[in-house]
Amino acid sequence: MKKIISISLAAFMLVSLVFCFASCGKEQTEYVAVDAVDLLQEDFGIAIKKGDSAMKSAVDAVVNEWVSNGTMEKYINYYTDLADYEAGAKDTAPEAGDLKTSWEFGDGGVITVYTESGFAPFEFMSGDKVIGVDIAIMSEVAARQGKSIEVKDVAFDTIPTCVKTAEGDAVGAAGLTINDERKEAVDFSAVYYSSTLVIVSAKENSFDSIADLAGLKVGVQEGTSGDLIVSAAKGDGHTYENANKEMVTVKAAISEIKQYKQYSLAFQDLKNGRIDAIVMDKLPALTMLNLIG
């Protein structure tokens with residue numbers, strides 16, 4: 001998902017919603033998302049075909065404008081609230097205000113948008129349509145060019161390859177971290193959102209470090225930064241820059257890394273006791289926890 005950049009995380013923070021009592025009278029488990037001290041900040045970008053300077057310029061124009069004038073933050077907040085509402089976590093639908101939620105497309109061509117729809121608020125299902133921040137970005141790009149978009153919901157780890165091999169205009173818009181491995185296949189737009197990774201678990205067994213996951217079963221979405229970091233920690237070690245600008249390598253003899261196509265499947269296994277924790281991006285994690293309240 002994004003370009004992994006170093007950040008000092010001096011402390012962790014727990015964020016969660018408390019479950020009420022279930023109908024059977026038993027208290028349900030409370031889940032939390034923890035900012036781990038050895039996880040990183042990451043930058044999201046839109047994946048673009050190598051050398052497609054025209055598409056990069058068009059996407060950058062929208063991204064830079066929306067980031068600078070606050071529109072991007074408004075979209076993130078709106079789609080976060082909308083995902084909560086559509087899942088029944090909120091009683092009132094959010095007001096879009098001055099935000100566009102529909103676009104007038106032209107007939108000057110089609111931009112294929114590869115995404116993976118289980119990553120609210122960046123992309124999620126609303127009825128039979130994929131909506132969210134990434135779709136809004138690319139809808140605006142297409143409308144300004146007199147084009148339209150075709151959204152294709154695919155496995156997350158295949159997105160860079162899909163963009164690389166697609167015929168015609170194509171991008172990957174799925175909360176993709178800008179990293180060196182993906183840069184071998186695609187170019188990236190300007191950064192439109194920066195996120196941290198968190199460890200999701202039951203509150204009574206919370207973790208504030210990758211090192212704490214030794215001996216446990218950990219869930220990740222296949223091909224994400226969480227997947228790469230946890231796999232590295234289990235192997236030769238995950239290296240990050242600490243608060244003193246020192247490179248530190250952390251190892252964890254993780255019992256099992258379970259890869260999922262969607263975070264919702266990982267969370268179901270967490271609730272059922274099949275895994276002990278999930279490593280994922282913070283905002284989607286908070287949205288996911290909000291939906292279970």
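Since every read-out is calculated from the coordinates, none of them should be taken as a lab result. Predicted model only: the values in this text are computed from it and were never measured. Glycine also receives a Cβ, built like all others from the backbone with ideal geometry; neighbour counts cover every protein chain displayed.
Using the Cβ-Cβ distance between Glu246 and Glu73 with R0 set to 35 Å, the FRET efficiency works out to roughly 0.60. Springs between Cα atoms under 10 Å define the GNM used for the chain, and in it the highest mean-square fluctuation of Phe119, Phe105, Phe267 occurs at Phe105. A simple charge model with +1 on the Cβ of Lys and Arg, -1 on the Cβ of Asp and Glu and nothing else charged puts the dipole of the chain at about 340 debye relative to its Cα centre.
Please give the calculated 222 nm ellipticity per residue for the chain, where each DSSP H segment of at least 4 residues contributes -39500 (n - 2.57) and the sum is spread over every residue; nearest 500 deg cm²/dmol? About -8500 deg cm²/dmol. Taking semi-axes √(5λ) of the Cα gyration tensor in Å as the quantity of interest, determine which of (i) 32, 24, 16; (ii) 25, 23, 20; (iii) 40, 24, 18 was computed from the displayed structure. Answer label, from the structure shown: (i).
Compared with the dominant principal axis of the Cα atoms in the chain, helix 71-86 is inclined by about 60°. Taking the DSSP beta bridges with both ends in the chain, the antiparallel portion is around 70 percent. Which of Thr196, Thr161, Thr112 moves the most in a Gaussian network model of the chain with Cα springs under 10 Å? For the chain, modelled as a Gaussian network with Cα springs under 10 Å, the answer is Thr161. For the chain, modelled as a GNM whose springs connect Cα atoms under 10 angstrom apart, the maximal fluctuation among Ser139, Ser126, Ser225 occurs at Ser126.
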